[in-house]
Amino acid sequence: MKPSSIFANVNIGDAPDRDAKIRRLEDYIRRRGFREHPVLTRCRQETDEMGGIALMQVAPDQGALLGFLARLIGAKTILEIGVFTGYSSLAMALGMEEGGEITACDMSEEFTDKAKIYWEAAGVSDRIELRLAPALETLTALLSEGREGQYDMAFIDADKSNYDAYYEETLRLLRRGGLIALDNVLWGGQVADHSDQSADTAALRRLNEKIHGDSRVEMILLPIADGLTLCQKK
């Protein structure tokens, strides 16, 4: 979890104590701010052992929020774009009632084979349909199958250059009142640094601006982990 505005009104003092106090507060939030299913803990810890690529995994507080939201809105159908080792899909599946369905889109058989192990261990594999293909191809296929307006919730966490395209197709697949969550919208703070014009940063910055002005949705950007934008389709 990266420091954010949640610490604005907390007495954390000045450097050099500031960083230590923030770390203690972050640790406290991790220990008392949410509950983590044992299989989620196993998934997170084993993914951490994969090295730098583990940064692709959502933070545990994000996973807890996604599962909470799935439960809160009574989601029966969820679309996930970007699976990796399955933490986010597992968190959402655990938040769904029995009989719910997640359509999980990814291209990596290697990583999703790991995800399947955790889904099975948690007893939710029957709630997750994995589609291995470029996500835009899968979204097009879902639309051709008559799934427009059929999904209750979606989570987007894949290649940043295609975020806008994923957002547009997902809006078509989502029902009115449905929820989209987009990860990494702060991009390590780089979206606020206009000297950074790299492709991924520029793509996220443009999408953030677009969503902010998009009359088709209600939206809020939450400063949790690397930033999570929630959009409700009108």
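Points worth noting:
- Candidates per GluC sites (Glu not before Pro) in the range 41-99, loop by DSSP, up to 12 other Cβ within 10 Å: E49, E97, E98
- Computed from the Cβ-Cβ distance with R0 of 30 Å, the FRET efficiency linking K234 to A141 stands at 0.70.
- FRET efficiency for E109 and R30, using Cβ-Cβ distance with R0 set to 22 Å, rounded to 0.05: 0.10
- Here the scattering of the range 11-233 is modelled by Debye summation over its C-alpha atoms, one equal scatterer each and no solvent; at q = 0.11, 0.15, 0.18 Å⁻¹ the log10 of I(q)/I(0) is -0.54, -1.01, -1.43.
- For the listed residue pairs K210/K234; K21/K116; K116/K160, the alpha carbons are over 27 angstrom apart in K21/K116.
- Whole-Hz couplings from phi, Karplus 6.51/-1.76/1.60, listed for the range 204-211; x for Gly and Pro: 5, 4, 5, 5, 4, 5, 4, 5
- By the rule of a C-alpha distance below 14 Å, with chain neighbours fewer than 8 residues away ignored, the aspartates and glutamates paired with K114 are E46, D48, E49, D106.
- Cβ-based exposure ranking for S195, S89, S125, in which fewest neighbours within 10 Å come first: S195, S125, S89
- Mean residue ellipticity (222 nm) of the chain, computed from DSSP H runs ≥ 4 via -39,500 (n - 2.57), nearest 500: -13000 deg cm²/dmol
- When you filter the GluC sites (Glu not before Pro) in the range 137-171 for DSSP loop state and at most 16 other Cβ atoms inside 10 Å of their Cβ, you are left with E145, E148.
- Inter-label distance for M219 and E97, nm, one decimal - labels placed 7 Å from Cα along Cα-to-Cβ: 3.2
No lab work stands behind these numbers, since they all come straight from the coordinates. What you see is a predicted model, and the numbers here were worked out from it, not measured in a lab. FYI the Cβ positions are ideal-geometry reconstructions off the backbone, even for glycines, and counts take in every protein chain you see.
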